[in-house]
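A short write-up of the structure that comes next.
The values are calculated or read from the model by the stated rules, or taken from the named source; none is laboratory data. Computed from a prediction, not measured in an experiment: that's the story for all the values here. Cβ placement follows ideal geometry from the backbone for every residue including glycine, while neighbour counts extend to all protein chains displayed. All accessible areas refer to the heavy atoms of the entire protein, side chains included, with ligands and DNA or RNA removed. Shrake-Rupley method; radii C 1.70, N 1.55, O 1.52, S 1.80 Å.
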Amino acid sequence: MAAGKGEAEIVQARTDKREYRRIVLKNSLEALLISDPDTDKCAATMDVGVGSFSDPEGLEGLAHFLEHMLFYASEKYPLEDSYSKYIIEHGGRTNAFTASEHTNYHFDVNTDCFEEALDRFAQFFIKPLMSADATMREIKAVDSENQKNLLSDAWRMNQLQKHLSMEGHPYHKFSTGSLDTLEVRPKARGLDTRLELLKFYKENYSANLMHLVVYAKENLDKIENMVEQKFQDIQNANRSCFRCPGPPCTPEHLQILVRAVPIKEGHKLRIVWPITPEILHYKEGPCRYLGHLIGHEGEGSLFYILKTLGWATGLSAGETDWTLDFSFFKVIIDLTEAGHEHMQDVIGLLFKYICLLQQSGICKWIFDELSAICETKFHYQDKTPPADYVVNIASNMQIYPPHDWLVGSSLPSMFNPGTIERVLEELSIDNVRIFWESKKFEGHTDKVEPWYETPYSVEKITSSMIQEWVLGAPNENLHLPAANVFIPTDLSLKNAQEVEFPVLLRESSRSRLWYKPDTKFSTPKAYVKMDFNCPHAGNSPEAEVLTDLFTRLLMDYLNEYAYYAQVAGLYYGINQTDCGFQVTLVGYNHKLRALLDTVLAKIAKFKVKADRFSVIKQDTLSSDRSNERFALATSYVAPSGRGCLSGRGARGVHVGDVIPEIIILEVVNFEMVTKEYQNFKFQQPYQQAMYYCSLILQDHTWPWMEELEVLPHLEAEDLAKFAPVMLSRAFLECYIAGNIESSEAESMVQHVEDVFFSGSKPICQPLFPSQHVTNRVVKLERGMSYFYSAEGLNPNDDNSALVHYIQVHRDDFLLNVKLQLFALIAKQPAFHQLRSVEQLGYITVLMKRNDSGIHGVQFIIQSTVKGPGNIDLRVEAFLKTFESKIYEMTDDEFKNNVNALIDMKLEKYKNLREESGFYWREIYYGTLKFDRKESEVAALRKLTQQELIDFFNDYIKVGATQRKSLSVGVYGNLHNSEYKADHASEPGPYSVKIDNIFSFRRSQALYGSFRGVTGHVKL
């Protein structure tokens, strides 16, 4: 029986209908049980209070390596990778990460097989099999993961900050691990890494240091019984929690100016102070209060002044890398060229703002406003996927009392000016560390950080020097923010008639409105998407770049006003698309219309401000743009400790927080346009390969090199001339959902039409029938294999990458489910063979691909071990060996896989954003199959095993007559000779080498477009 139990002690959101119970097993394992009868996914996580800070001296990365090894097998389930196989085959996913003071393991799975999945999971902590066989393979996997990070500025600068601290302090350590730290160096010292691993596990993985969260469909009593049975045998060695020996910085590490050379173009300041950890006063929220003000972007804020001066394009502020024993407050400022030249003034203005906060005193009204925003956010939080939810809670369990496990530090409620003042005093001139990053420091540094080889130099600075910077800084009108008018006060729910799918509420030559009221989620929130289809926006590289600048300048102009909306939980974005731009608003519906009207007015009255144009243009040439965003990791080590930043570039995330991805990409990642294009070459090789694949397949897309070529020649007057031409012809595709009545939705779209299409000289005219935008995709020829190879754009990157894409069909329910079923069945065997056994690389993925309704499957592999040509051979070898699995699958295995896929498809949407994202994709692609899930489930129920075999033989099997494959290889510097040989070789029969992407694209047939087809409307 449980040694401790409690049900009424945990604070939960008012809208949360789930039941919670805390228990403590007889081995001192503490667990939180969550019963959700409505869930269609179960999840569990184990958070172990041991992380990279506990790595033994000379075995850097051992905790992370253990996290990798635990996934392999256990005495009860000895088959290698059988845990991952079971989870994936039953509609779930697994992951893990190693942080400074804890390591987290988690999974989710379909509800009908949760008990066995939980049993398999529990065995990792009872009797894991960390076989000698797997040891070297997984050391190589850790090394591959580290190789992936070596040219990442985030990892490099994080390690540099750690390097400049006390050598004996855990914070100083290198945490990822590598072949050198886990094999070469230990071997030289006579150490057996596997024996050290077993010893580390035995000494540290004690039940009293573990926190378990289980999220299931059953009632609490049944979940408790299940947990007791499966986890009571974990050994309890009564280990003490790890505690750091005080702060990691001595006076030697304070008052320093560090100049560092990054990989990417751009200039950045990181101003850091060691402070008292907020966790010691989390109800009072001192860092939340200070981060809110220093990171604010409204008029009179530090960022507003820096932006007005043309010195900064981004700023974030808040606590980071915190533990119970030490913490840092960090301000990160993204500098322009002019800002880089005025570094001392920028630092001076920062300290002037801190001085303003000291002189103004701690304002109760600001604290109360923050507290009200936090309370609304917590009580009206969106439901999130169970796996994400349990991970957030488990990390809270290590730190907070049970009462606050769900809340964490997200509800500051005790106003204590003294506590905030003490932390504010720590943000002093005497206590500061300044890290200044720029490529301009190349050749002017005298030191090298040992793990990532980052060049840097250190200069000691004095209080009097910084005081001079403060006195010399411009006298600008810095002041506190105004009261936030966007805080919602009407959180009532509208009466709405239940509608299964979006309905076409109105349609004209100017616009089309799809509408779906919320009858599922019962939250006072809305989702508004307005897509401006403008044919002139993407008809040349110049037009595409000018449209990009247009959207960024709009965001820039709106920022000081709309930032208040984001703080209050109403997110917005203006994003460039391939044929125009989109306006998106997501959040509380109460003040949404006011924000929308302001956004539309800015678009309608767009004027180019020459000073802002030059800043945005220059930054666009040097900031970090990812054309392909895509999560691959199956395990990872966190680059830094816990943190919570406010302002541009970061948001504090707590249990229940959902920040819309489509918004965060544009609103938060605002490093803007010359640097951004230039930095494309520093993307990971697999991202480059995915980019080339898209460029080959998607008609009417422009290469980044052409956009980079035209960008320097564009001036403010070019944009001033272009904007009215771009807007002169437009069609609006609109989707409005959530807590909004149909009359309100129609009113919004009518207002858009009035603003843009009405009057004697309207801004927009309707599109001609010939101008409606289409999405065309290259149709590869049956029985042919296509190859495209390119050298990696970063000559210092050792990694190579391959995308092996198999194009299958135009959207069709039956073919869709055959492809999906193949991908489900093949996913884990591909990972096991190509990553675990052959150790090709840390990034090894098999996934479905959808290009505007054209479906296929792709292997994505990044490797230092083999070049793309050899990786391609290994993919085909895998597919040949996989044939037997398809042919030999039993009836029960086939049915189990079909049922798992059905369960995945029938999984309910968790929140309005998730549901709206699905329907918007159908609208944007033009497929309009709102009943896709139900129709594909119906097709799955009728599918036979022979039909799947026939599908494999026709479309996937190597050498199949209907198989169409495209292999895109990016060659890193370790495989330069292979690139030359592969590039010079003649293609074999039924093979085509693509030398010029655009000549190839022009020579190929295209699939028909779903988008822009008149009359193609499904209600």
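Selection of first residues in segment 945-972 that are closer than 17 Å to Gln858 by Cα and of second residues that are open to solvent by less than 10 Å² (accessible area, probe 1.4 Å) and part of a helix (DSSP H, G or I), restricted to Cβ pairs under 6 Å at least 6 apart or on distinct chains, gives the following pairs, ordered by first then second residue: Phe952/Ile886; Val958/Leu879; Val968/Ala689; Val968/Cys693; Gly969/Pro868; Val970/Pro685; Val970/Gln688; Val970/Ala689.
Among the candidates Leu195, Leu160, Leu179, the residue that is open to solvent by less than 50 Å² (accessible area, probe 1.4 Å) and modelled with pLDDT of 95 or more is uniquely Leu160.
Hey, among the residues in segment 458-487 that are open to solvent by 20 Å² or more (accessible area, probe 1.4 Å) and under 16 Å from Arg270 (Cβ atoms), which one's farthest from the chain's Cα centre (by Cα)? The selected residue is Glu459. Among the conditions (1) assigned to a helix (DSSP H, G or I); (2) open to solvent by 10 Å² or more (accessible area, probe 1.4 Å), the only one that Leu879 does not satisfy is (2).
Of the strands (runs of 3 or more DSSP E) that lie entirely inside segment 200-280, those containing 3 or more residues that are within 28 Å of the chain's Cα centre (by Cα) span 210-216, 267-275. Looking only at residues of segment 350-368 that are among the β-branched types (Val, Ile, Thr) and part of a helix (DSSP H, G or I), we find that the one that is surrounded by the fewest Cβ atoms within 10 Å (Cβ to Cβ) is Ile366.
Within segment 292-304, not a single residue is open to solvent by 10 Å² or more (accessible area, probe 1.4 Å) and among the aliphatic types (A, V, I, L, M). Being polar (S, T, N, Q), surrounded by 17 or more Cβ atoms within 10 Å (Cβ to Cβ) and not in a helix (DSSP H, G or I) is not true of Ser371. Scanning segment 212-226 for residues that are surrounded by fewer than 24 Cβ atoms within 10 Å (Cβ to Cβ), out of contact with any Lys or Arg (no Cβ under 7 Å at 6 or more places or on another chain) and not acidic (Asp, Glu) yields a count of 5.
Of Leu558, Leu600, all but one fail to be open to solvent by less than 10 Å² (accessible area, probe 1.4 Å), under 21 Å from Ser747 (Cα atoms), modelled with pLDDT of 95 or more and hydrophobic (A, V, I, L, M, F, W, C); the exception is Leu600. In the set (1) open to solvent by 40 Å² or more (accessible area, probe 1.4 Å); (2) over 27 Å from Ile332 (Cβ atoms); (3) acidic (Asp, Glu), Asp388 fails one condition alone, (2). For Met889, all conditions in the list (1) open to solvent by 60 Å² or more (accessible area, probe 1.4 Å); (2) more than 32 Å from the chain's Cα centre (by Cα); (3) not aromatic (Phe, Trp, Tyr) hold save one; what is the number of the exception? In the conditions (1) open to solvent by 60 Å² or more (accessible area, probe 1.4 Å); (2) more than 32 Å from the chain's Cα centre (by Cα); (3) not aromatic (Phe, Trp, Tyr), Met889 misses (1) alone. Between Ser413, Ser395, Ser464, the distinction of being of a type in the set (Gly, Ala, Ser) and part of a loop (DSSP other than H, G, I, E, B) belongs to Ser413 only. Taking the criterion of being outside any strand (DSSP E or B), more than 20 Å from His102 (Cβ to Cβ) and open to solvent by less than 10 Å² (accessible area, probe 1.4 Å), the only residue of segment 14-38 that qualifies is Asp36. Ala723 meets each of the listed conditions (1) out of contact with any Pro (no Cβ under 8 Å at 6 or more places or on another chain); (2) open to solvent by 10 Å² or more (accessible area, probe 1.4 Å) apart from (2). Scoring Ile139 on the criteria (1) out of contact with any Lys or Arg (no Cβ under 6 Å at 6 or more places or on another chain); (2) β-branched (Val, Ile, Thr); (3) open to solvent by 10 Å² or more (accessible area, probe 1.4 Å) leaves a single failure, condition (3).
Filter segment 54-71 for residues that are open to solvent by 10 Å² or more (accessible area, probe 1.4 Å) and either under 21 Å from Asp388 (Cα atoms) or touching an Asp or Glu at 6+ places or on another chain (Cβ under 6 Å) (or both) and give the result. Hit for segment 54-71 is Phe71, nothing else.
Among the residues of segment 272-290, are any at pLDDT 95 or above, open to solvent by 10 Å² or more (accessible area, probe 1.4 Å), out of contact with any strand residue (DSSP E or B) (no Cβ under 6 Å at 6 or more places or on another chain) and among the polar types (S, T, N, Q)? Within segment 272-290, one or more residues are at pLDDT 95 or above, open to solvent by 10 Å² or more (accessible area, probe 1.4 Å), out of contact with any strand residue (DSSP E or B) (no Cβ under 6 Å at 6 or more places or on another chain) and among the polar types (S, T, N, Q). How about segment 781-871: which strands (runs of 3 or more DSSP E) wholly inside it have at least 1 residues that are crowded, with 19+ Cβ neighbours inside 10 Å and touching a Pro at 6+ places or on another chain (Cβ under 8 Å)? Result: 785-791, 800-810, 854-863. Restricting to helices (runs of 4 or more DSSP H) lying wholly in segment 932-1019: which have 1 or more residues that are open to solvent by less than 30 Å² (accessible area, probe 1.4 Å) and in contact with a Leu (Cβ under 8 Å, 6 or more places away or on another chain)? Correct list: 932-942, 945-951, 997-1003. Please determine, by comparing only the residues of segment 114-127 that are assigned to a helix (DSSP H, G or I), open to solvent by 10 Å² or more (accessible area, probe 1.4 Å) and not basic (Lys, Arg), which one is farthest from Asp36 (Cα to Cα). Among residues in segment 114-127 that are assigned to a helix (DSSP H, G or I), open to solvent by 10 Å² or more (accessible area, probe 1.4 Å) and not basic (Lys, Arg), the one farthest from Asp36 (Cα to Cα) is Gln123. When we screen Gly573, Gly538, Gly569 for residues that are modelled with pLDDT under 95, surrounded by 19 or more Cβ atoms within 10 Å (Cβ to Cβ) and under 30 Å from the mean Cα position of the chain (by Cα), the only hit is Gly538. A single member of Lys942, Lys880, Lys905, Lys957 is basic (Lys, Arg), farther than 27 Å from Gly1012 by Cβ and within 30 Å of the chain's Cα centre (by Cα), and it is Lys905. Considering Leu66, Leu70, the condition of being modelled with pLDDT under 95 and of a type outside the set (Asp, Glu) is satisfied by Leu70 alone. For segment 741-757, the tally of residues that are buried (at least 22 other Cβ atoms within 10 Å of the Cβ) and in contact with a Phe, Trp or Tyr (Cβ under 8 Å, 6 or more places away or on another chain) stands at 1.
One residue is enough: does segment 758-780 have a residue meeting the conditions open to solvent by less than 10 Å² (accessible area, probe 1.4 Å), closer than 17 Å to Ser694 by Cα and not β-branched (Val, Ile, Thr)? For segment 758-780, residues open to solvent by less than 10 Å² (accessible area, probe 1.4 Å), closer than 17 Å to Ser694 by Cα and not β-branched (Val, Ile, Thr): present.
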